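Heads up: the structure comes next, in structure tokens.
Just so it is clear, none of the values below were taken in a lab; they were calculated from the coordinates. This is a predicted model, so every value here is computed, not measured. Because the Cβ atoms are built from the backbone with ideal geometry, glycine has one as well, and the counts that use them run over all protein chains shown.
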């Protein structure tokens, strides 16, 4: 089963929200989000971590106080001594967290905004780019391919070592090396495109989508300590 949780960014109660976060998260994580110049980036980072903690506790019945987060050599975060995999993404006002207990996972969300698609031509295969410019909604198709590729790279965990134009997406799947990745588009909001990539086919019956309001997440954060979530 794959679970996708998301919330929307608001500026309500920011003073209390950041004060609680500084009190309940470890110093390393506090130092990370405190470096952001924009409150939106800092709050999105914290909300992503709270979505993860909420999902682990309420969907997997995990005692989050006994979990330790570490990072791979490519800086992909993972939970020590756990089969549960996760990935977090945010764009503009939306924060998304995808969690699974079966294999690797990656998620990417982007708000559909005006861009010059031709500027990104080299990031796609000839077939992909032809599909984009031939689409009735060029921007939407661009962001569909973009989020698919980013989600796949994040699921693979090798980051910038995999150029986006080094693999091609066909029928919502692709192969990198000897690994096959499958894609599922997540219907969050008409203004956003979101895709999840996994090593297993995700059918509608094997995925849940949960929209959590910011107050609920904030209240959850103010009632728990996350000292292991560095």
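Here are the numbers for the structure shown:
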read-out	value
Prolate/oblate/rounded call for region 1-124, Cα gyration tensor, a/c under 1.5 rounded	oblate
Identified option (computed Rg and Dmax of the Cα atoms in Å; candidates [x] 17.7, 52; [y] 15.4, 43; [z] 18.7, 66)	[x]
Top of 48, 13, 157 by mean-square fluctuation, Gaussian network on the chain, Cα under 10 Å	13
Acute angle (nearest 10 degrees) that the helix 138-156 long axis makes with the longest principal axis of the chain, alpha-carbon atoms	60 degrees
Percentage relative contact order, the chain, counting C-alpha pairs under 8 Å, at least six apart	30 percent
Euclidean distance of C-alpha centroids, region 1-48 and region 105-165, integer Å	27 Å
Highest-MSF residue in the chain out of 28, 168, 118 [GNM, Cα springs under 10 Å]	118
Degrees, to the nearest 10: 39-59 long Cα axis against longest axis of the chain	80 degrees
Listed residues 97, 180, 194, most fluctuating in the chain (Gaussian network, C-alpha, under 10 Å)	180
With Cα atoms, 0 to 90° folded angle of helix 14-24 axis to the chain main axis	70 degrees
Rel. contact order, % - alpha carbon contacts under 8 angstrom, at least six apart, region 1-118	29 percent
Antiparallel bridge percentage (DSSP; both residues within the chain; nearest 5)	85 percent
Burial ordering of 22, 76, fewest other beta-carbon atoms within 10 Å first	22, 76
